[in-house]
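In what follows, a structure is listed as structure tokens, so that the remarks can point back to it.
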Amino acid sequence: MKISPSILSADFTRLGEQCRTALDAGADMIHFDVMDGHFVENISFGLPVLRSLRNGLGSAVLDVHLMITHPLKYAPAFLDAGADLLTFHVETEDDIDAVLDVIHAAGRGAGLSVSPNTPAEAVFPWLDRLALVLVMGVEPGQGGQSFDPRALDKLRALRAECARRGIHPDLSVDGGVKLGSTAPQCAQAGATLLVAGSAVFCAPDIARAVREFRQL
Ligand code: DX5
Ligand code: ZN
């Protein structure tokens, strides 16, 4: 199982150090949540922070999740700042193919995310163009919420459709993913990549939490 710890729950006074701890313990990438106060209520962090992590974390894979109204406008800047994987929401009103074109032209991997009230089938028209599908286990906008089990049905539907097409994008799940409860359920439903914020960065021992996720 691959794990992408979400820094939304990190201690920002020690951000680089905590990312390094997670990566050294085996985290496959670092999940970077961008919120614009418009697509979602909250505002998180953005380009200067991403640039710092790009410079400070060597070749670590940066998995950027845009919860913003205008991914087409901002994708070039996030790619330039160092996103390796760039995910945006299928609920966007921007032209999805145009955003995917921008990401692919930069040679990076593209992801589409589905919010809890959106069916998995919404991403099917673009499935062949995606490096990952990000199924939200919570309403996007904040960490530490509880998991919506409809995400499990979506993972199963995506797994079946990918098998039918013979394609293998990562099936990622984000929000409410916890060791000992929802994480194993997600694994069983077909998730190949778990995003976990509070379960990693609020754990008493970050490295140990990462190792336990990877053992799933
Ligand atoms: C929510 C973010 C998540 C968040 C998950 O909008 O996309 O990445 O950090 O937090 P937890 O794992 O605490 O639910
Ligand atoms: Zn996220």
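The values are calculated or read from the model by the stated rules, or taken from the named source; none is laboratory data. Predicted, not measured: the structure shown is a model, and the values here were computed from it. No Cβ is skipped: glycine too gets one built from the backbone with ideal geometry, and neighbour counts run over all protein chains shown. What goes into the accessible areas is simple: the full protein's heavy atoms, side chains included, and nothing from ligands, DNA or RNA. Shrake-Rupley method; radii C 1.70, N 1.55, O 1.52, S 1.80 Å.
With respect to the numbered conditions (1) small (Gly, Ala, Ser); (2) modelled with pLDDT under 95; (3) over 17 Å from the mean Cα position of the chain (by Cα), which one is the sole condition not fulfilled by Ala122?
All conditions pass for Ala122, except number (2).
Do any residues in the range 109-129 that are farther than 14 Å from Leu66 by Cβ have Cβ atoms under 7 Å from those of residues that are outside any loop (DSSP other than H, G, I, E, B) and open to solvent by 50 Å² or more (accessible area, probe 1.4 Å), where the two are at least six apart or on different chains, and which pairs are they?
Pro116/Arg150; Leu127/Arg165; Asp128/Arg165
Just to verify a result, which residue in the range 188-205, among those that are free of Cβ contacts under 8 Å to residues at least 40 places away in the same chain and closer than 15 Å to Ala27 by Cβ, is nearest to ligand 1 (Cβ to nearest atom)? Reasoning before the result, please.
Taking the range 188-205 as the starting set, the residues that turn out to be free of Cβ contacts under 8 Å to residues at least 40 places away in the same chain are 188-190, 199, 203-205.
Now narrow it down to the ones that are closer than 15 Å to Ala27 by Cβ: 199, 203, 205.
Values: Ala199: 6, Ala203: 11, Asp205: 17 Å.
Ranking the candidates gives Ala199 first.
Just wondering, is there one or more residues in the range 56-69 that are among the charged types (D, E, K, R) and either away from ligand 1 (no atom under 16 Å from the Cβ) or open to solvent by 10 Å² or more (accessible area, probe 1.4 Å) (or both)? Show your work before the answer.
Step one: of the range 56-69, the residues among the charged types (D, E, K, R) are 63.
Those still in the list that are either away from ligand 1 (no atom under 16 Å from the Cβ) or open to solvent by 10 Å² or more (accessible area, probe 1.4 Å) (or both) too: none.
Scanning the range 56-69 turns up no residue that is among the charged types (D, E, K, R) and either away from ligand 1 (no atom under 16 Å from the Cβ) or open to solvent by 10 Å² or more (accessible area, probe 1.4 Å) (or both).
Could you list, ordered by first residue, the pairs with Cβ atoms under 8 Å in which the first is in the range 1-21 and open to solvent by 50 Å² or more (accessible area, probe 1.4 Å) and more than 15 Å from ligand 2 (Cβ to nearest atom) and the second is part of a helix (DSSP H, G or I) and of a type in the set (S, T, N, Q), at least 6 apart or interchain?
Correct list of pairs: Asp11/Gln18.
Are any of the residues in the range 43-62 touching a His at 6+ places or on another chain (Cβ under 9 Å), of a type outside the set (Asp, Glu) and farther than 24 Å from Ile3 by Cβ? Before you say what the answer is, go through the steps one by one.
First pass over the range 43-62, keeping only residues touching a His at 6+ places or on another chain (Cβ under 9 Å): 62.
Now drop any that are not of a type outside the set (Asp, Glu), which leaves 62.
Next cut, farther than 24 Å from Ile3 by Cβ only: none.
Within the range 43-62, not a single residue is touching a His at 6+ places or on another chain (Cβ under 9 Å), of a type outside the set (Asp, Glu) and farther than 24 Å from Ile3 by Cβ.
State yes or no: is Arg108 among the basic types (Lys, Arg), out of contact with any strand residue (DSSP E or B) (no Cβ under 8 Å at 6 or more places or on another chain) and either more than 23 Å from Leu15 (Cβ to Cβ) or away from ligand 2 (no atom under 16 Å from the Cβ) (or both)?
When the stated conditions are applied, Arg108 does not pass them.
In the range 79-89, what residues are closer than 17 Å to Leu132 by Cα and either open to solvent by less than 20 Å² (accessible area, probe 1.4 Å) or among the charged types (D, E, K, R) (or both)?
Our first condition is that a residue be closer than 17 Å to Leu132 by Cα; within the range 79-89, this holds for 79, 83-89.
Answer for the range 79-89, where residues must be closer than 17 Å to Leu132 by Cα and either open to solvent by less than 20 Å² (accessible area, probe 1.4 Å) or among the charged types (D, E, K, R) (or both): Leu79, Ala83, Asp84, Leu86, Thr87, Phe88, His89.
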